[in-house]
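Below is one structure; the comments refer to it alone.
The values are calculated or read from the model by the stated rules, or taken from the named source; none is laboratory data. Computed from a predicted structure; not experimentally measured. Using ideal geometry, Cβ is built from the backbone for each residue, glycine included, and neighbour counts are taken over all protein chains shown. With ligands, DNA and RNA removed, areas are computed over all heavy atoms of the protein, side chains included. Shrake-Rupley method; radii C 1.70, N 1.55, O 1.52, S 1.80 Å.
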Amino acid sequence: MKLCITEKPSVARDIARIVGASTRKDGYLEGNGYCVTWGFGHFCELEEPRFYNDRWKSWSLDQLPMIPQKYEIRLKEDPGVVKQFTLVKKLLMISDEVINCGDAGIEGELIQRWLLKMAGYQKPHKRLWISSLTDQAIRSGFKNLRRSAEFDNLFHAGFVRAIGDWLLGMNATRIYTLKSGNSNTLLTVGRVQTPTLALIVKRHKEILNFKPETYWQVVTVYRDTRFLHQKKRFKTREEAQDVLAAIINQPLQIDTIEGKEQKIMPPMLFDLTTLQVECHKRFGYPAAKTLQIAQKLYENKMITYPRVDCQYLTNDMITKMPIVVESLSKSKIYGNFTDMISPEPLHMARYFNNNKVTDHHAIIPTGQKNIRCSTDENRVFDLVVRRFLAMFFPDAVEFKTKVTALTAGHRFFASGKILKIPGWKTVYQTTNDKKDKTEQVLPVFTVGETGPHSPAMETKETQPPKRYTEATLLRAMETCGKLVDDDVLREALKANGIGRPSTRAAILENLFQRNYLIRDKKNIVPTEKGIYLIDSIQDDTLKSPVLTGEWENKLRRIESGDYGVGQFNSELNRYVTSLVENVKHSTHQGPPLPDSLKTPQHGEPIDHGIAPCPKCKTGTVVENDKAYGCSNWRSGCDFTIWKTIAGKKISPTQAKSLLQKGNTRLLKGFVSKQGKKFNAILVLEEAGKVTFRFESGPAKHS
């Protein structure tokens with residue numbers, strides 16, 4: 001029997017249908033010599049500190065740094081995970097061949113390899129490596145199954161990344177929390193989240209410290225065209241007034257006219273970051289929402305694998321393009337465009353380059369259209385399709401004009417542009433693209449012509465830097481803290497970006513959930529807690545996007561076999577040891593703890609201690625950013641009621657009822673792992689576990 005292991009049930013159903021495993025069993029499908037089973041994402045995680053050393057249960061400066069000799073994994077303490085894992089382990093024992101069908105990326109490889117390791121499976125296995133879930137892609141993938149050993153470096157990079165996040169996160173979080181001197185304020189520190197937060201705090205301070213400067217401009221209007229004085233800014237009102245006095249009632253004469261055509265190439269195809277940026281600009285979607293929508297479109301076979309940082313296609317895909325275009329030609333929306341395009345992209349080298357594609361190519365439509373889409377899904381799909389179609393159109397051509405004029409010895413200029421040939425912009429002319437608004441259109445001027453004009457003086461102020469939005473922050477993370485729009489320069493900087501496309505959205509959401517950041521419309525603003533954390537960290541390396549980006553680059557080199565795992569681990573151990581020792585012995589007095597961090601929502605006991613901890617019996621349940629937990633957490637008590645259970649937020653009132661009465665009332669709005677909504681009562685068992693109780697039937701672990 002051939003055992004296929006997927007990352008989620010929906011993918012398992014697609015694969016089972018293709019391989020002929022049509023008989024449904026409890027936790028798997030079988031038939032035609034195949035068995036197809038699944039996980040629910042991460043089944044395993046790295047062990048907690050107390051596993052390696054009993055003394056690491058309590059939070060103490062003396063016990064830092066915590067550096068295990070060898071890192072071990074454990075199964076998550078979730079009844080559903082335990083049940084499915086037990087089944088997978090049983091199926092592995094009776095299988096003749098195992099096929100890893102996890103998502104084709106670093107995270108997917110780590111998830112599946114850890115699952116096999118936890119189950120004790122050590123035999124060779126094969127890898128299904130595909131970029132879309134269409135029937136054709138799945139069939140082709142099974143015809144060309146690859147050896148698992150080809151992806152060993154990908155797994156090593158994923159494992160090392162997890163170790164790096166554990167090692168730095170555990171040690172830095174403990175030492176900065178302990179040094180803060182406040183027992184109720186947990187200061188979480190992370191390899192990617194901290195430099196990201198530092199970018200936002202730095203920008204926030206630049207805005208607060210910005211001192212606007214007043215300047216003046218002299219403008220004039222001639223033939224309904226606005227002209228600006230060649231000295232764009234006058235530092236004093238008197239200087240601007242002198243110019244204004246000199247040109248009033250004096251004729252203006254056109255001196256020079258310069259015009260040139262400019263060709264604008266179609267945009268690059270989408271990677272995940274550019275898709276998230278575009279969705280935020282157009283629709284205001286958070287990065288996490290765009291990723292969620294794109295993942296759904298991928299699972300519905302409408303677009304290719306979305307968790308990518310590549311904007312190129314492989315050379316062998318050139319012959320497949322007409323097939324996708326042909327499928328889009330049947331659409332009422334896109335059919336008009338497909339009738340206008342060339343049979344193949346006009347800029348081959350811009351889009352097709354084997355050397356630029358590693359794990360996955362750019363995001364494009366698969367050619368299959370599922371008409372049952374939400375509004376959000378249609379919007380994202382539409383962006384992907386139009387970006388894809390644009391590469392088949394010729395360049396857009398704009399005619400740019402610059403006109404200079406003289407009056408009383410003073411030179412003024414005006415500029416404008418006209419879209420002469422729409423080219424690829426034709427694809428966007430029905431989408432109200434704000435970016436394509438043209439500058440002022442100039443009338444036809446003649447050199448030497450003269451006439452009256454209407455001069456004026458305008459008072460202006462210099463503007464502070466703009467706050468980050470999710471779009472600009474994602475771009476800054478991608479390009480190592482630099483805001484770059486140029487495609488070529490962006491590509492060069494991406495190797496050292498902060499985080500990965502697939503993780504950046506989650507990093508941002510964590511910063512919001514931990515109350516380090518808040519949203520102010522589209523702007524991102526740091527909270528007092530976020531500012532306090534960054535001000536407390538004196539180690540510039542920990543806050544630096546450049547050095548964090550270099551770490552990410554080393555992980556990519558591990559994937560390609562150009563960098564050793566042992567070397568990376570040694571460097572990481574030395575850095576964490578140095579960081580801990582420097583903070584331990586530092587005489588630097590950190591910033592005072594803001595009063596807002598002493599309020600109940602930041603960790604003091606709910607209602608000043610509504611109930612003792614039901615597990616250790618000596619602590620008090622307190623509220624922090626993500627959970628209601630025991631105040632003795634530093635001493636090793638891990639009692640926790642998560643603030644979000646099965647997709648539903650648990651309020652302080654509901655937590656209070658659970659702690660005092662042992663159960664809540666009937667709560668609505670839980671969501672199962674299969675995406676189905678259900679209602680249940682939360683019950684606190686004697687062992688401190690929280691379970692579900694339905695109106696009829698036994699309790700179920702949450």
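Structural remarks
- Meets criteria (within 30 Å of Y563 (Cβ to Cβ), charged (D, E, K, R) and open to solvent by 50 Å² or more (accessible area, probe 1.4 Å)) for R139: no
- Matching entry among W129, W56 (being touching a strand residue (DSSP E or B) at 6+ places or on another chain (Cβ under 7 Å) and hydrophobic (A, V, I, L, M, F, W, C)): W129
- The set of residues in segment 35-84 being among the aromatic types (F, W, Y) and out of contact with any Lys or Arg (no Cβ under 9 Å at 6 or more places or on another chain) consists of Y71 alone.
- Test result for K211, over 30 Å from A390 (Cβ atoms), open to solvent by 30 Å² or more (accessible area, probe 1.4 Å), not hydrophobic (A, V, I, L, M, F, W, C) and not in a helix (DSSP H, G or I): yes
So that you can scan it fast, the table gives a plain yes or no per residue for (1) open to solvent by 80 Å² or more (accessible area, probe 1.4 Å); (2) in a strand (DSSP E or B):
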site	(1), (2)
R226	yes, yes
K231	yes, no
E239	no, no
D242	yes, no
A245	no, no
N249	yes, no
T256	no, yes
G259	no, yes
M268	no, no
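- In segment 280-317, of all residues being touching a Phe, Trp or Tyr at 6+ places or on another chain (Cβ under 8 Å), outside any loop (DSSP other than H, G, I, E, B) and within 27 Å of A349 (Cα to Cα), the one that is most open to solvent (accessible area, probe 1.4 Å) corresponds to N315.
- For segment 270-279, the set of residues classified as in contact (Cβ under 8 Å) with a residue 40 or more places away in the chain and surrounded by 24 or more Cβ atoms within 10 Å (Cβ to Cβ) consists of F270, D271, L272, T273, L275, Q276, C279, listed by residue number.
- Which listed residue is over 28 Å from I558 (Cα atoms), modelled with pLDDT of 75 or more, assigned to a helix (DSSP H, G or I) and small (G, A, S), from A505, A456, A471: A471
- In segment 128-140, the residues that are more than 17 Å from R307 (Cβ to Cβ) and not in a loop (DSSP other than H, G, I, E, B): D135, Q136, I138, R139, S140
- Exactly one residue out of F388, F393, F337 is open to solvent by less than 30 Å² (accessible area, probe 1.4 Å), in contact with a Phe, Trp or Tyr (Cβ under 7 Å, 6 or more places away or on another chain) and not small (G, A, S), and it is F393.
- Selected residue (criterion: farthest from D78 (Cα to Cα)) from residues of segment 640-693 that are at pLDDT 85 or above and in contact with a helix residue (DSSP H, G or I) (Cβ under 6 Å, 6 or more places away or on another chain): T664
- Counting only residues that are surrounded by fewer than 14 Cβ atoms within 10 Å (Cβ to Cβ) and either free of Cβ contacts under 8 Å to residues at least 24 places away in the same chain or aromatic (F, W, Y) (or both), segment 522-563 holds 2 of them.
- Exclusive hit being acidic (D, E) and open to solvent by 60 Å² or more (accessible area, probe 1.4 Å), set D103, D78, D54: D54
- Taking the criterion of being open to solvent by 40 Å² or more (accessible area, probe 1.4 Å) and out of contact with any Ser or Thr (no Cβ under 7 Å at 6 or more places or on another chain), the residues of segment 506-521 that qualify are A506, E509, N510, Q513, R519, D520, K521.
- Pairs with Cβ under 7 Å, 6+ apart, first in segment 1-30 and assigned to a helix (DSSP H, G or I), second at pLDDT below 90 and buried (at least 18 other Cβ atoms within 10 Å of the Cβ): V11/L133; D14/L133
- When segment 592-610 is filtered for residues that are modelled with pLDDT of 70 or more and open to solvent by less than 40 Å² (accessible area, probe 1.4 Å), the ones remaining, listed by number, are L593, P594.
- Whether a residue is farther than 30 Å from Y222 by Cα and either in contact with a Gly (Cβ under 6 Å, 6 or more places away or on another chain) or not charged (D, E, K, R) (or both) was assessed, and S329 passes this test.
- Test for R74: is it charged (D, E, K, R), in contact with a Cys (Cβ under 7 Å, 6 or more places away or on another chain) and closer than 22 Å to G27 by Cβ: yes
- Residue in segment 150-160 that is surrounded by fewer than 18 Cβ atoms within 10 Å (Cβ to Cβ) and in contact with a strand residue (DSSP E or B) (Cβ under 9 Å, 6 or more places away or on another chain) present: yes
- Positions within segment 120-176 being charged (D, E, K, R) and farther than 30 Å from V583 by Cα, in sequence order: K123, K126, R127, D135, R139, K143, R146, R147, E150, D152
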